[in-house]
Structure formats: structure tokens, C-alpha cells
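A short write-up of the structure that comes next.
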Amino acid sequence: EVQKHSVHTLVFRSLKRTHDMFVADNAKPIPLDEESHKVKMAVKLRTEYGSVLHMPTLKENLREKGGPNTGDPYGHKQYSGNQGQELEYMITGTHPYPPGPGVALTADTKVQRMPSESAAQSLAVALPASQSRLDANRTAAGVGDIYRHAGISERSQPSGMSVAMVEAGGNKNSALMAKKAPTMPKPQWHPPWKLYRVISGHLGWVRCIAVEPGNQWFVTGSADRTIKIWDLASGKLKLSLTGHISTVRGVIVSARSPYLFSCGEDKQVKCWDLEYNKVIRHYHGHLSAVYGLDLHPTIDVLVTCSRDSTARIWDVRTKASVHTLSGHTNAVATVKCQAAEPQIITGSHDTTIRLWDLVAGKTRVTLTNHKKSVRAVVLHPRHYTFASGSPDNIKQWKFPDGNFIQNLSGHNAIINTLAVNSDGVLVSGADNGTMHLWDWRTGYNFQRVHAAVQPGSLDSESGIFACVFDQSESRLLTAEADKTIKVYKEDDTATEETHPVSWKPEIIKRKRF
């Protein structure tokens, strides 16, 4: 028997079907509304060309158009300067500005610098007569001309040359000079890294890894619900800790106290005392799986991030939740702390990165440039910069405001982890088992690694979940889906002659977003 549905249910069951039923003209463009178009263009003119609207209009232009206002369909006032005279350059000073920060801008306090007479004369002499005339025509164009020619390169401009604007006070002259195409600077040479040890012992995916501050041992967390501590020099297992009841997703060792912190998909955040190898504190509050954690370098504060779309700040000693950082609209995949502002950085599956004010517990900046989930963030140990990893790109940013630096394109996979050392080697590890090594400054990809899975594993179990440099930065450890930890070191035998940088100073086109 066919179940009968109401018309309401049938209509709302498929939004696509509803659109097909009622929106037959969805391919037709919306008719242009003349009034709103005028408003839009008026706003654009004021925004883009506000600085030149005060300039005088050419007599020829006025004569052709039959009046001062007919050339501008958007009602802006035009000035017909120097009627009956030869058009000359107008020398103006800077805009008025206050003498210092925090000082109100008034008629008494304002500072306005005027160009010296010699500077103005030298600028006027800089151009030949014919070019001066062209330049006068160009700077004195009316608003109507600006609107008509917006975005079109000027006819007087020779090919391969660009008009460079030279500012002195408020006067703008154009001087012709060859434009140099942007090129990638030569990257610093780095020796290639090679696999020299594979450590097995976990019974599930190895999800997280951390090296202790003394560089004697490292710790891993796994989908087998255990935390294992390994000797860094020999790779031997020293200790296994049990207590989590689901996958362990984050581990970190404190440099300020003998504590190890861990978090997992069981919503638990634990503090282990490494003198007794026991859990001494629990931090309760997250409503779903806890995906990552980090310790503040200078104060006793722990920050965790979770699938419940929040990050939480905990007082290590009192176990109190100091702040709940809410604002992300999807799971928060990674969190990092630093001593300088902004002290907390989070990356989320909602494709955004947020820089947080630790004291206020509020967002300082939201970066929306990524198109896909941000699963990894790493801070440079020396520069005031950081990188974020997403399937669309690896992006580099400047603190404190998150200004974009450059894209590192080419690692076309789901990037789970990033690590960087003081030498400027950035490592990105991906879900498909590939690892790319980059020169931080130039974004040059100098090595690609895809290590084989351990015998007995499926090829589909090739995946890197976490990677970290040891404290000496001479070893690179990766936590993998084939249940192993792989240890890499620099190839001592390699030289710049044996492994040259296959780099060409080609013209680069960097995407800004």
C-alpha cells in the first residue's frame, strides 16, 4: 500500500523540486533597477575616487559636454578650475593630522606639512613638456571620464611599462618606468630528510605525539585508548598509561611541572603526575569529543578544543574553567598558545581561524580565507608568524592581526598536521600518507615523502595524523594510521651539489585569498 502524504509534506520534502515547480525563470538575470544602480555607482565613485573628485575639470571636456554637471550622471559636484588659463599643477600639502596618538584633531592641534618650493619645482621639471600635457589631461579628467574609463589601461601607456605615481604632499605626477615582474626569491637550501626508524607497539591509529622538554623521551596517544611513553634515543617502550575509554586525540608534556596532559574522544581531559604515573586531575566541561590541547608557555593555563564548537581555558591547579571561547560554528580541530598577543589561536571545521584575547575571552580577529576545514595550525618558533593547513592550501599569516603573507600550494590532500623548526623547514602531513617539506620564507616545496606502510597493513592505512620535531630539531617524528611512529633525520651525506634546488625564478602569481 502506497503511503499518502499531504501537499505540504511533498512540497517541503525536496527544496530542489519546489524550486523547479515555482522558479521557472531562475536562469534569467534580474532586471537592473536604475535608481539602485545610480546609488551603487555614486558610492563606488566616492570610495574609489574620492581623493581626486576635487581636481579641476578640463575646459575641453566641459565644452564637449555642454556644462559642468552634464558629464556626471551621479550628481557629484565638479569644479571648473582656471577658466581661460593654461592648466597648471595644483600643489597641496598633506591632510591635517594630530601631533601624536591620543591627541584630538582640532584647529589648534592639527599638523599639515606643505611641500617645499624646491621640491615642487623639481617635480614639475621632471617630466618633458609633451608628457606634462598628457599628465595634466590625465589628472584633470572629470568624474564622468573616471567612471567611463574605470579599469581600462590608458592609451598613452606603452606596453610593458607602468605608470608609477610619485607623491609629494598632495601632488601626483606619473613617471614612466619599467615594471619588474614579481619573482620567487631563491629558497634557502635544506638537506633532504630520510626515514631511519619505524616504531611499532600501538594496536590502533596513532593520533597524537609530543616530545618532553628534556628531549629524553616522547609520548604518543592512540585509538587503542592507551598513552605510551618511548625512549627517544633507542625507540624502546618505557611505559603505557591506561585510563581513557576512547581514542586519545591530544597529548602534551608540561615544561613547568612534571605533568602530562591528555584528551580524547571520551570528552575527558586528564592531568597525569609522571612521578606516580597516575591521573591526579580531571577537567570536566566539554560536551563532545576533545580534539586537541595546548599549554600556555608562561602561565599555568591549559587550553582545549572540542567537537562541541568551543575551546575552553582551564586553570591547571584549580581545574576551574576560566573561559569558554565560543564563536566557531563547527568542531574546533586545533588550538595553539603563545606568550605574545594574540595568546590563543584556533582552527575549525567551519573553515575559519580565530585569534583570541585570553583576558577577555573574546575573539580578536576571524580569518575567513580558507575554503575548507582548518585542521592544523603551527606557530614559527622565531618569527612572529604562523601557518594554517587546509585541503585547499597552506597559508602563512602575520601576527598580531592575521595579515596574509602567502599561499603554499601543491599539497592536494587533507592536511592533518603541520610542524616547523627554527631552520625554516615546514612539514605538512596528510591523510593520504604524503608528507611535504617546505622552505618557510619562500614557500618552496623542496621534498615530498610517501613512506610505505608497515608490512601487514593495507595501503589505505597510509595516513599521517601528527608530526613534531624533537627539541634539538634534528629528528622528525610522525604518528601514522598504520599504527607506527616513524622517525626521520636529515641526510648528513647530502650537499647542495648532490641535491641541488630545482628552482627557477619564474614569475609567480600568488592568490591573495
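Treating r as the C-beta distance of Ser472 and Asp108 and R0 as 60 Å, the FRET efficiency rounds to 0.45.
Legend: calculated FRET efficiency, Asn432 to Val279, from the Cβ-Cβ distance at R0 = 41 Å, rounded to 0.05, equals 0.70. In the structure displayed, which of Lys228/Lys270; Lys194/Lys486; Lys238/Lys278; Lys395/Lys486 lie more than 18 Å apart, Cα to Cα? Flagged as over cut-off: Lys395/Lys486. For the stretch 251-312 versus the stretch 362-396, the spacing of their alpha-carbon centroids is 22 Å. The calculated FRET efficiency for the pair Lys40 and Arg382, based on their C-beta separation and a Förster distance of 45 Å, comes to about 0.45. Our estimate of slack between Lys319 and Ala233, defined as 0.36 nm per intervening residue step minus the Cα-Cα distance, is 27.5 nm.
Let me have the relative contact order for the stretch 222-365, percent, based on Cα pairs under 8 Å that are six or more residues apart.
Working: 362 pairs, mean separation 18.3, N = 144.
For the stretch 222-365, the relative contact order is 13 percent.
Every read-out reported here was derived from the displayed coordinates using simple, explicitly stated rules and does not represent laboratory data. For clarity, every value in this text was computed on a predicted model and none was experimentally measured. As a convention, Cβ positions derive from the backbone with ideal geometry for all residues, glycine included, and neighbour counts pool all protein chains shown.
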